[in-house]
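All of the numbers you see were taken from the coordinates with simple rules; none came from a lab. Fair warning: this is a prediction, and the values are worked out from it, not measured in the lab. Heads up, the Cβs are rebuilt from the backbone with ideal geometry, glycines too, and the neighbour counts pull from every protein chain shown.
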Amino acid sequence: MPTILLLGAGSDMAIAIARRFAAAQYDIQLAGRQVAALQPLQQDLRIRYGITATVHHFDATAYDTHVAFYGELPVKPDITLCAFGYLGDQEKAQQDWQEAARILQANFTGAVSILNVVANDYETRKAGMIIGISSVAGERGRQSNYIYGSAKAGFTAYLSGLRNRLFRSGVHVMSVQPGFVNTQMTQHLNLPPLLTAQPELVAGAVFKAVRSRKNVLYVKWPWKYIMLIIKLIPEFIFKKLKL
Amino acid sequence: MQKRLANWGNYPAITSEESAYSQEEQLRSFVVANHGFIARGNGRCYGDASLGKHSLSMLKYDNILSFDTVAGVLETQAGVTLDQILDIIVPKGWFLPVTPGTKFITVGGAVASDVHGKNHHVDGAFSGHIIDMDVITGDGTTITCSPSRHTDLYWATCGGMGLTGVITRVKFGLKKIETAYIKQKQIKARNLEEVVRLFEEYKHYTYSMAWIDCLQKGDAFGRSILIVGEHATKEDLNAKQGQAPLQQPAKPRLTVPFNLPSFILNTFTVKAFNWLYYGKNFKKEINNVVPYEPFFYPLDAILHWNRGYGKAGFIQYQFVLPLEQKEGLIAILRRISDKGWGSFLAVLKVFGRQESLISFPMEGYTLALDFPVRKGLFAFLDELDDIVLQYGGRLYLSKDARMKQDVFWKSYPHADRFAEIVQTYNPGKRFESLQSERLSLTK
């Protein structure tokens, strides 16, 4: 059976993705900082779907542990999905470098560090798929969340470069731009229902996109066009907008 | 997130700030940091028990923690719904020990309402099958309680409508089955007298309930159909069913996409009943073997059937009267049928004995029917409450959205003790619902 590694497995999106792939009889590797908090999900996946689920300690910002982390996985995963991230507080991050650094590391440098390791292995083996959950916030910087947005922009660019590099090795890289998702990370926000996806919808879309080897996945279709319009606004106008 | 919330009766509907978490430590932090909120499951209680200005949705706290397929013991987090559980346990030869008429409720909700099913007279309510459970109480500590540990918390949590704390984990025993089918018997009863006698005659059956036609008068007053059943054995199945005895045949689901004018549902139920009663089969008794879904969850097949009652919503009125008070049952049914405001059909069931602190069931007759919300309804229901009180009965908190305070305090014999325990684990109204405020259950 194929195996999928979920980095940042405690998030609502990762939980939904784990269940979706487990339902299709994938074995699941759950990796995150709080191993104990992942154990109930591990049990759940085993009982509901009869698959093998394992839990692994992983800290996205402990860069020097990443080689060992990947090396010690009992089975090398067929798919690696990077779901960790941190929305943070834009205003705080403007004042407080600790907050800004945390946003950059959790959304960008941490992902680069671990995916470099995974990419090198997949390239050698000429097999595997890498999926990164990025964000539409990375498509153009806006005053309300440009620190998070710039980290995600970096991640999106990294994924696109990686896709380019690994193409010749037969390794596929997919970027996911979910748009608004109803998760714990966003539950304090009042999001527009028509543009907001449930984690299960994201999971279903990712699963389908894996089969069709999509390059860039927008979960709710209006986002593709919303972002297209946002990207087309000339900078001399854009800079005056309150976004 | 600000959300428009209502339970199954669509009355009342409020705006609530809702939060949801998937990890216990997050739930604990929320409990410690917040005040005046209530945990909610899938919103299938009918009234205002799980409604509050602030609510904690448990639907993301939904892992299955262990399943002992040999002993038949299941342990889950509180947000898992019964339909998910059935999908897992039925193929392994196990069934829920007790199930209400919908499978779309959470385990936490099953405990908080101490739900009963068609087998109450044999197997009791849900609380009778709990091995142990965890509750995050007012000070943020998780307490494991059971019939032998922290018994005060245990008994006040079963049927306690979420007021002792947030139920997080429940471990309970399952019922062994050979097949996913029910061997059912439907018997026509000409009137109330006869159906009461039939309940007695068929009380050895594990499952029983009756549909009563509320509109009949005279000799046919209380004409009904008694439905009894047992889990089918492999020998009971036909060849096709026997090929996969623990699977039920797949069926498409219907849904009511929006609120319909309120007469529609009654028209539906009238037809269904008449079909059963007069339809192709004039026999007194029909015997057949059916999958468990249509037997236990006939209305679940029509998702959102509650919308059939229109935008104003409805009240499901469910009371229980002691066994010796058959006259009370007749008196109330007469009032209902004279008024003509209720649904055409009501569900009648005989409960067995149950020891409890605050649970609804007691040995006697329980009747449930729907009343679309309209002008004058609440005054009428107050009159019915008086009759219920007069005959020593009580109302089901999970269905209630409007009972007056004194009706509750007069009808639940251990209400004072319950409120005392709630006060111990939930001082200062940390857990609070519209219902607890209305009935003054918390201090």
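Quick notes
- Label-to-label distance for B:GLN243 and A:ASP64 is 6.4 nm, based on points extended 7 Å past Cα in the beta-carbon direction.
- Among the listed pairs B:LYS234/B:LYS349; B:LYS3/B:LYS311; B:LYS92/B:LYS171; A:LYS152/A:LYS242; B:LYS217/B:LYS404; B:LYS92/B:LYS175, those whose Cα-Cα separation exceeds 23 Å are B:LYS234/B:LYS349; B:LYS217/B:LYS404.
- Assigned charges on the beta-carbon of Lys, Arg, Asp, Glu; region B:181-402 dipole about Cα centre (debye): 820 debye
- For region A:197-243 and region B:15-62, distance of Cα centres in Å: 31 Å
- Part-to-part distance (alpha-carbon centres) for region B:178-217 and region A:1-57, which is given in Å: 46 Å
- Using the Cβ-Cβ distance between A:SER160 and B:GLU193 with R0 set to 60 Å, the FRET efficiency from 1/(1 + (r/R0)^6) comes to roughly 0.15.
- Computed over every Cα-Cα pair of the protein assembly as shown and binned at 10 Å starting from 0, the pair-distance distribution P(r) comes out as 3, 14, 23, 23, 18, 11, 6, 2, 0 percent.
- GNM result for chain B, Cα springs below 10 Å: residue of B:LYS171, B:LYS311, B:LYS375 fluctuating most strongly: B:LYS375
- For region A:1-64, size of Cβ-based charge dipole, Lys and Arg +1, Asp and Glu -1, in debye: 240 debye
- Within straight-line cross-link reach of B:LYS60, aspartates and glutamates at Cα separation under 14 Å, skipping those fewer than 8 residues along the same chain: A:ASP12, A:ASP44, A:GLU200, B:GLU18, B:GLU24, B:GLU25
- Of the residues B:ILE225, B:ALA331, A:PRO178, the one whose Cα sits farthest toward the positive end of the charge dipole of the protein assembly as shown, with +1 on the Cβ of Lys and Arg and -1 on the Cβ of Asp and Glu, is A:PRO178.
- Acute angle (nearest 10 degrees) that the helix A:35-49 long axis makes with the longest principal axis of chain A, alpha-carbon atoms: 70 degrees
- Cross-link pairs A:LYS92/A:LYS220; B:LYS103/B:LYS176; B:LYS375/B:LYS443 - those with Cα-Cα distance over 21 Å: A:LYS92/A:LYS220; B:LYS375/B:LYS443
- Charged side chains reduced to their Cβ positions (Lys and Arg at +1, Asp and Glu at -1) give chain B a dipole of some 1280 debye around its Cα centre.
- Unit charges at the beta carbon, dipole of region B:64-177: most positive-side option, B:ALA112, B:ALA125, B:ILE143: B:ALA125
- Highest-fluctuation residue, A:GLY149, A:GLY161, A:GLY128 considered, GNM on chain A with Cα pairs under 10 Å: A:GLY161
- Considering only A:ILE133, A:ILE230, A:ILE103, the mean-square fluctuation computed in a Gaussian network model of chain A, springs between alpha carbons under 10 angstrom, is largest for A:ILE230.
- Dipole of chain A computed with +1 at Lys/Arg Cβ and -1 at Asp/Glu Cβ about the Cα centre; of A:GLY110, A:ALA197, A:LEU30, farthest Cα towards the positive end is A:ALA197.
- Per residue of peptide A:179-186, the mean number of Cβ atoms on other chains within 10 Å of the residue Cβ is 2.
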